[in-house]
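Here the structure comes first, spelled out in structure tokens, and everything after it is commentary.
All of the numbers you see were taken from the coordinates with simple rules; none came from a lab. If you're wondering where the values come from, they're calculated on a predicted model, not measured in any experiment. With ideal geometry, Cβ positions are generated from the backbone for all residues, glycine too; neighbour counts draw on all protein chains shown.
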């Protein structure tokens, strides 16, 4: 009798080992390890200054790592930053929009630089409608509210269906309909096989959107939990204890 | 509402607003005066806050810069008086002074009105967290007004001219006192006029009214120049009284000197008070043109044909859809041209104008050019495109806007200069290209070396802190004036000389740009710039 083959775990799309990021004498990130498999969503939780946004920026190729190994879709971010940018979609924690360009112009720029095939416009329009931004697609983003800006940033991170979706504070200041649309985008991305990383302060939404959560404190990962472990009232207590 | 409710509701107290509330046997300082004093104290606090925000090189350079400004002011107050009267008679200089005094007023009005009411002591985005009153804003704008290279050069010119006109006498400091006071009075008057302009601009169809008024003023000046009446008008200038005070001080006629000083001081006080009131009026009106731009719609254009075109489009939108930049470029393109036209400048003297326009243009945004992306810089940098291509796009957009403005200035100025010779045409063309590339190379180096987080949506915003801007403008003015003078000299030689002269300048600027692009392509350097401008 032959043994049944063991189910193989897919190789992680995001593979971070011992990541350090220093700004002068300040260590913003201190030896974080992180793996996200295709089709999985992981939340980065923690207080202000825990290193969540810096980690996201490194994965987006905006900040180079000071030390450690960062591979995205099998590519070393230090040596192949441009290739990594091609397979990621990034919603930054602040702003994220060029103030005097319209949403459609943002999409055109991204589509051009990402070499999207003809027909991307349909998906872009669909996302704009889902996020209730269809009516302002040709208005400059400088006059957008904070929530509108967040919603547009999520669209820009996801509309090209990248292998890795990086959402930094996507729910911040967003209305319930926008939150719903963002949760849908995360679910769609997962269904499409993308790895999703969500950085947020909102534990309950993180639990809804992701299966795993990594709690950061002072630039280090202090716990890796499943959504079940960190959800509900009991999970709130666990999370609260990890923050101090 | 029931009768009981009416009884318990306190009636709103109505009191006439007065500057002083006079009581029996005593004078109590009124609320308005208290507010004024409080605003003056707030200016001190805000200034301290601004200074405390300076870091690194800027913190070390700030006291040096202030000391240099004061030292230069002292030097121009003394040295010209010691220069022996040689080719230019002291009396001839004195005759020109009333007109020269007006120039301070003109420059201050133009600068403050173009900036939507003058510079801010604290950027609008930061100021929202503090109870900054319109009076504080007004006093801050007054304090910031001299931190402008055009104002400084003009102020030093009139101080130096006056010192030369007065000559070496122990009464020189007293004779110069009315000029110092006039600098304050003229600036305060200009600031008040700028608030009036801004008030009108914020009204319904205000932009059109202001443009029409500017055209009328320009047209009147043009008519006066064409009919040779300008000199007569300037001879009757009210600034003649400043000159009378200078002469009274130099000759020891203390009664006249004192009267005129009090007169000047009185005007200054009235201007400051009226300006504060106008600033309050302006603050109650929305900035319509800024809001219009922020809610403007732009029809979708065909998809860009290349990565470079895509980047270029975004960069162009950042400039042409910004109120301060559009307004600044128009002023810079037209104003120097009109001055040259009015002064009947020949083509040989026009060679310094491209430098003037290019320096001014790049000071609007180019010295901190990555701030055009604002908080979108993080997202833009996450796009899969070569950093060098993004750099090339920024160079191109800066070059095209500076060259276009320079061309417009030269066209306006050239209307009164006749047809240029081949040598003059070659010199002016080479000077234009050389200085534009020169300032682009310099400004992009500064942009990478010292980025600042600035919200350029406000028409009062500057791309760097005011003192830093003075340093930048001073260095640009020196280098571009030198280049302009070189090409001015080349315009009298055969035309190939200008092209030969242009080569080393272009190579040097090209090398500077190349080095900056390498620095920009470095991920560590770029992330520092991006994180700063997007913060």
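Details
- Average projection, convex hull of the Cα set of region A:131-244: 8.1 square nanometres.
- Spin-label model distance (nm) - residue B:300 vs residue B:240, 7 Å beyond Cα toward Cβ: 6.7
- With R₀ set to 22 Å, the beta-carbon distance separating residue B:411 from residue B:231 gives a calculated FRET efficiency near 0.25.
- Computed from the C-beta positions of residue A:188 and residue B:55, the FRET efficiency with R₀ = 51 Å rounds to 0.70.
- Based on the Kirkwood approach, the hydrodynamic radius assigned to region B:243-295 is 14.1 Å, with every pair of different Cα atoms included.
- In chain A, the DSSP beta bridges split such that about 55 percent are antiparallel, to the nearest 5.
- Label-zone membership for region A:89-132, site residue A:175, 7 angstrom Cα→C-beta point, backbone N under 19 Å: A:103, A:126-132
- Shape category assigned to region A:95-196 from the gyration tensor of Cα positions, a/c cut at 1.5: oblate
- Centroid-to-centroid separation of region B:210-241 and region B:360-416 [C-alpha atoms, Å]: 35
- Extension gain from residue B:344 to residue B:92, taking 0.36 nm per residue of separation minus the Cα-Cα distance: 88.7 nm
- Averaged over the residues of B:187-193, the number of partner chain Cβ atoms lying within 10 Å of the residue Cβ comes to 0.
- As computed over region B:312-533, the Cα convex hull volume per residue (Å³): 109
- Considering only the protein assembly as shown, percent of DSSP beta bridges that pair antiparallel, nearest 5: 60
- P(r) for region B:388-484, from all Cα pairs and a bin width of 10 Å, is 13, 38, 34, 13, 3 %, short bins first.
- Expected 222 nm ellipticity per residue - DSSP helices of 4 or more, -39500 (n - 2.57), all of the protein assembly as shown, to 500: -20000 deg cm²/dmol
- P(r) tail for chain B: Cα pairs beyond 39 Å make up 32% of the total.
- Hydrodynamic analysis of the protein assembly as shown uses the Kirkwood radius over alpha carbon pairs. Inserted into Stokes-Einstein at 20 °C and 1.002 mPa s, it gives a translational diffusion coefficient of 72 µm²/s.
- Spatially, region A:205-244 and region B:112-136 are offset by 44 Å when compared through their Cα centroids.
- For residues of A:60-66, the mean tally of beta carbons on other chains within 10 Å: 6
- Surface/4 of the Cα convex hull for region B:185-341, nm²: 14.2
- Burial order of peptide ranges A:141-151, B:212-222, B:368-378, A:22-32 (average beta-carbon count within 10 Å, highest first): B:368-378, A:141-151, A:22-32, B:212-222
- Relative to the 2.2 N^0.38 Å rule of thumb, region A:51-92 has a C-alpha radius of gyration ratio of 1.02.
- Point-to-point label distance, residue A:208-residue A:233, nm (Cα→Cβ direction, 7 Å offset): 2.0
- For chain A, the longest principal axis of the alpha carbon atoms and the long axis of helix A:232-243 meet at an angle near 80°.
- Spin-label model distance (nm) - residue B:288 vs residue A:138, 7 Å beyond Cα toward Cβ: 2.4
- Value of Rg/Rh across region B:36-75 [Cα atoms, Kirkwood radius]: 1.13
- Average other protein chain Cβ within 10 Å of Cβ, residues A:104-110: 6
- Whether chain A is rounded, prolate or oblate, judged on the alpha carbon gyration tensor where a/c under 1.5 counts as rounded: rounded
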